[in-house]
Structures are given as C-alpha cells and as structure tokens.
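Written out below as structure tokens is the structure these notes cover.
The values are calculated or read from the model by the stated rules, or taken from the named source; none is laboratory data. None of the values given here were measured: they were computed from a predicted structure. With ideal geometry, Cβ positions are generated from the backbone for all residues, glycine too; neighbour counts draw on all protein chains shown.
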Amino acid sequence: MNWTAVKSIYVFEMARFFRTLAQSFLSPVLSTCLYFVVFGAAIGSRIQEVDGVSYGAFIVPGLIMLSVITQAISNASFGIYFPKFIGTIYELLSAPVNFLEIVAGYVGAAATKALFIGVIILITAFFFVDVSIAHPIAMIAFLLLTCLSFALLGFIIGIWAGNFEQLQLVPLLIVTPLVFLGGSFYSISMLPPVWQIISLFNPVVYLISGFRWSFFGTADVPILFSLCAIAGFTALCILVIWWIFKTGWRIRQ
C-alpha cells in the first residue's frame, strides 16, 4: 500500500472541505435547528412519545443518518467526478497508484467529512433535547460504517455520472426518498401492517433502526439484521468498485 499516495489524495480532498468550513458546518446546524422546530415542536406537541422515548429525542438518530448519508454520497461523488470532468483522472491512473489507494483516499476523505457533520448534528441536538446513548460503542460503529458504505456508493455514482445533472440524480430521486421513508422521523410500527411489510424492503430502514437502537435500546428490526444489512451493502459497493477498475468502465472509456 502506497500510503503517500493515499495521504496526498486524502489531504487534498480535506483541504477543499476546510476551505468552505463555515458553509460546511453552518448549513447542517441550521438544517438541524429547522427540523427540530418543525418536527420536534410542531409534530412533537401531538406525538409525545414513541417507544417510550420523547419524540424530540426519537428523531435525533434519523436526523444524523439523513445528513450523514447525503453528505457521504455528495462528497465522494463530487470528489471523483471532478477529476473525470477536467481530465486529471488520467494522470492519477497513469501514476504508480492502484485502485485500493485511490478508493482509500477519496472514500476516506468523504467518510471523514460525513463523520464531522454527524458529530456536529449530535452536539447541536443536545441543545434542543435530552439525548441519551445506551450503547456508545455500537453508535460509533454504526456511524463509521454508514459513513464508509455511503461514501463508497457516492464514489460509484461519481464514476457513473456523465454530467452534473446525473451526479445529483440518484441522491435526489432515490437515496433521499429512501431515507425519509426509512423511519427517520417515525417508527415503522406506527404504520398499517401492509406498509410495515413494504418498509422492510427499504434497506435504509435497517441502518436507521440499528443506529436508533444504539441510542435508546429499541429497534424496528433485530439488531443482527441491521448489522448484516450494512455489512452486506459495504461488501457489495467494494465489489462493484473492484469491477469498475478491473474493466475500466466509465474511467478509460
């Protein structure tokens, strides 16, 4: 492993993030405040508790997952798409750097950025509601795996995208609806039985359920299912990226 190459890519991507530090941190904080005002105050006044947890605290894991997933995808997809767009990707491919080092640099930076945002949102939540973390180690593990897996997905999207419109297509039309319908702001047990069954086909349900379990000890699906879902999704993304670099799909073509 060429750690110098990994460090160079990682530092370059993180430098781009810190150049817009105020925007990078201020935007999620403001969004979180708005969510707490709209959902925590307006809806929370009608829904006092969910599974024995106050509604304001109940939505915190969902808010973190919503921001982490979207940030991981957007940072990773733009990070690899921009070199493709300006043509510098060929310099990277011709350098003595293998695909693992390229992926580690770009995905590592995107996952780190998403992790920063997740921590900021968690800190912001403490100013609005009383949040307890029942299983802190599990919470950190779920957060790290989510940042990593969706950064890998964003990397795939960045390679697939042929223009800036396509770069936003999957996150806006597929990922964001799945997150909103994945129990971010409600428990799927509150849905009619038929919709509970349909929700189980949404992979994001397992991520949010497992992450919420790490906070409150309650989950919509067994925690083992959540772990298997995120591990399987991460492995699938790695397999797809390996195939992309092996065949040169959308990179050398």
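At positive phi and not in a strand (DSSP E or B) - does that describe any residue in the range 42-58?
Taking the range 42-58 first, the residues at positive phi are 51-52.
Narrowing the set further to residues that are not in a strand (DSSP E or B) leaves 51-52.
Yes, the range 42-58 contains a residue that is at positive phi and not in a strand (DSSP E or B).
Say whether the condition of being over 21 Å from Gly118 (Cα atoms), of a type outside the set (D, E, K, R) and in contact (Cβ under 8 Å) with a residue 60 or more places away in the chain is met by at least one residue in the range 13-26.
The initial filter retains those residues of the range 13-26 that are over 21 Å from Gly118 (Cα atoms), namely none.
Looking for residues that are over 21 Å from Gly118 (Cα atoms), of a type outside the set (D, E, K, R) and in contact (Cβ under 8 Å) with a residue 60 or more places away in the chain, one finds none in the range 13-26, hence no.
From Leu178, Leu169, Leu152, Leu173, which residue is touching a helix residue (DSSP H, G or I) at 6+ places or on another chain (Cβ under 7 Å), farther than 19 Å from Tyr106 by Cα and either modelled with pLDDT under 95 or not hydroxyl-bearing (Ser, Thr, Tyr) (or both)?
Working: Leu169 fails: touching a helix residue (DSSP H, G or I) at 6+ places or on another chain (Cβ under 7 Å); Leu152 fails: farther than 19 Å from Tyr106 by Cα; Leu173 fails: touching a helix residue (DSSP H, G or I) at 6+ places or on another chain (Cβ under 7 Å).
Every option except Leu178 fails the conditions.
Please determine whether any residue of the range 70-88 is part of a helix (DSSP H, G or I), buried (at least 16 other Cβ atoms within 10 Å of the Cβ) and of a type in the set (Lys, Arg).
For the range 70-88, residues part of a helix (DSSP H, G or I), buried (at least 16 other Cβ atoms within 10 Å of the Cβ) and of a type in the set (Lys, Arg): present.
If you take just the helices (runs of 4 or more DSSP H) that sit entirely in the range 155-253, which of them hold at least 1 residues that are buried (at least 17 other Cβ atoms within 10 Å of the Cβ), in contact with a His (Cβ under 6 Å, 6 or more places away or on another chain) and of a type in the set (S, T, N, Q)? Outline the logic, then answer.
Working: elements: 164-170, 176-180, 193-199, 203-216, 223-247.
Fully inside the range 155-253 and qualifying: 203-216.
Which of the residues that make up the range 102-136 are touching a residue at least 24 places away in the same chain (Cβ under 8 Å) and β-branched (Val, Ile, Thr)?
Answer for the range 102-136, where residues must be touching a residue at least 24 places away in the same chain (Cβ under 8 Å) and β-branched (Val, Ile, Thr): Ile102, Val103, Val107, Thr112, Ile117, Ile120, Ile121, Thr124, Val129, Val131, Ile133.
Which one of the conditions (1) surrounded by fewer than 23 Cβ atoms within 10 Å (Cβ to Cβ); (2) in contact with a helix residue (DSSP H, G or I) (Cβ under 6 Å, 6 or more places away or on another chain); (3) in a helix (DSSP H, G or I) does Ile133 fail to meet, given that it meets all the rest?
Ile133 satisfies every listed condition except (3).
From the list Gly182, Gly210, Gly232, pick out the single residue that is closer than 23 Å to Leu148 by Cα, without any contact (Cβ under 8 Å) to a residue 12 or more places away in the chain and within 18 Å of the chain's Cα centre (by Cα).
Gly232
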